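Accompanying notes for the structure given below.
The values are calculated or read from the model by the stated rules, or taken from the named source; none is laboratory data. In this text the structure is predicted, and so the values were computed from the model without any measurement. Counting neighbours? That spans all protein chains shown, and the Cβs are built from the backbone with ideal geometry, glycine included.
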Amino acid sequence: MLYKSLKIENFRGIKSLELTDFQQVNLLVGENNCGKTSVLEALFLVTGVSNPQLPLTINQLRGLDYLLGHDKDHLLVYHQLDYRNTISIEAEQTESKRSLRISPHRQAGNDDNSMTIDKEKLQNLSLNTLPNNRTVDGYNYEFAITRNQVSTNYKSSFYPLGLFYHLESPPHYQETVNATLVNPVNVLNQLPQNLNSLIKSKQIKKVVKVLEKIDRSITDIIVGTDNLIYCDTGLSQLVPINVMGDGIRRALSLIVTIANFSKGCVFIDELENGFHFRSTKIIWQAIFEAAKEFDVQIFATTHSMECVSAFSSQNAAGCETRLYRLEKERDRTAAIALDQEMLQVALENNWEIR
């Protein structure tokens, strides 16, 4: 298991939040705008701790790629849209700790009290008495990795340089953890290419092994020249997976994604997105089986009560699970953790969990 706990400060709508006792499969629930997706994004950032391009990536995943390069694009990750709120993310792993601080990168020659102004900007009429101090153009990263009580500090940055963006990574740091942030819709779109990569690396048999536990008739999977995925079910010809039911097709997309991040983490936002509620048990079975087979830690979010019920009732294939309910009141965010037994009691008594 990679992550044991997480502490977030000044990230998006979260002023401060601490989550502890992570298990192999973790589900986040709560009302809209309580910070569920932000928790996944914080985990994604601290996993890619040496890649200062990731704040733009998470904005693009929210459909904000049209803002690329604009000052307000960089502003969106800071709490209350205030650059002075330096972002801090700390995560405890099984054998180490990592901490990340994100602050604004400012154009050369600019700070809070002075700035360099292009002549062309001076030609534009401004009737505002306040100066236009839009000097932030990227991100500065300061991060530390602690092992055996010894901390090593690093720095990196991401900012525009002429017509291009400049990514400056620490020269002596090699990332050891691999992770991805996805939703069920985009992993379905990437299924053929992700499956091909597993075929090339001779990992497809493990995928079939997991899928067989969901549908015993499937003995092999093949990507055709037409880019369609076919299953061998013992019939006289291969069967396109599209005709085997939406649940199986989407289950395969998640199994394949998890398989591609073996011994890493997969963060799944809005797990119920694109699924019929009757497919949720199949989906959770696929996640549990794949997480166990490929030794992957899972973090997912949902708004669906059916998804929560399936998470609780499904055989977890030996995976330890945890549900976290996020609650937000004004500027305070808190997390209530429920283990499998507590969750079952809550569901039996019709307590509001979402």
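On the given criteria, is Ser16 among the hydroxyl-bearing types (Ser, Thr, Tyr), under 22 Å from Val266 (Cα atoms) and either surrounded by fewer than 22 Cβ atoms within 10 Å (Cβ to Cβ) or modelled with pLDDT under 95 (or both)?
Taking the combined requirement at face value, the residue does not satisfy it.
Scan the helices (runs of 4 or more DSSP H) fully inside the stretch 126-245 and keep the ones with 1 or more residues being crowded, with 16+ Cβ neighbours inside 10 Å, among the β-branched types (Val, Ile, Thr) and in contact (Cβ under 8 Å) with a residue 12 or more places away in the chain. Explain how you work it out, then say what you get.
Details: elements: 184-189, 191-200, 204-212.
Correct list: 184-189, 204-212.
Please return the ranges of strands (runs of 3 or more DSSP E) entirely within the stretch 269-354 where 2 or more residues are under 19 Å from the mean Cα position of the chain (by Cα) and crowded, with 22+ Cβ neighbours inside 10 Å. If you could, list the steps in order and put the result at the bottom.
Values: elements: 297-301, 321-329, 332-338.
In the stretch 269-354, 297-301, 321-329 are the strands (runs of 3 or more DSSP E) which contain 2 or more residues that are under 19 Å from the mean Cα position of the chain (by Cα) and crowded, with 22+ Cβ neighbours inside 10 Å.
Just checking, which of Val136, Val150 is hydrophobic (A, V, I, L, M, F, W, C) and modelled with pLDDT under 90?
One residue alone meets the criteria, Val136.
Determine if the stretch 183-205 includes at least one residue that is at pLDDT below 90, touching a Gly at 6+ places or on another chain (Cβ under 6 Å) and not assigned by TED's automatic domain parsing to the domain that holds Arg62.
yes
Would you confirm whether any residue within the stretch 240-253 is farther than 28 Å from Phe277 by Cα and within 21 Å of the chain's Cα centre (by Cα)?
We begin by selecting, within the stretch 240-253, every residue farther than 28 Å from Phe277 by Cα; these are none.
No, the stretch 240-253 has no match at all.
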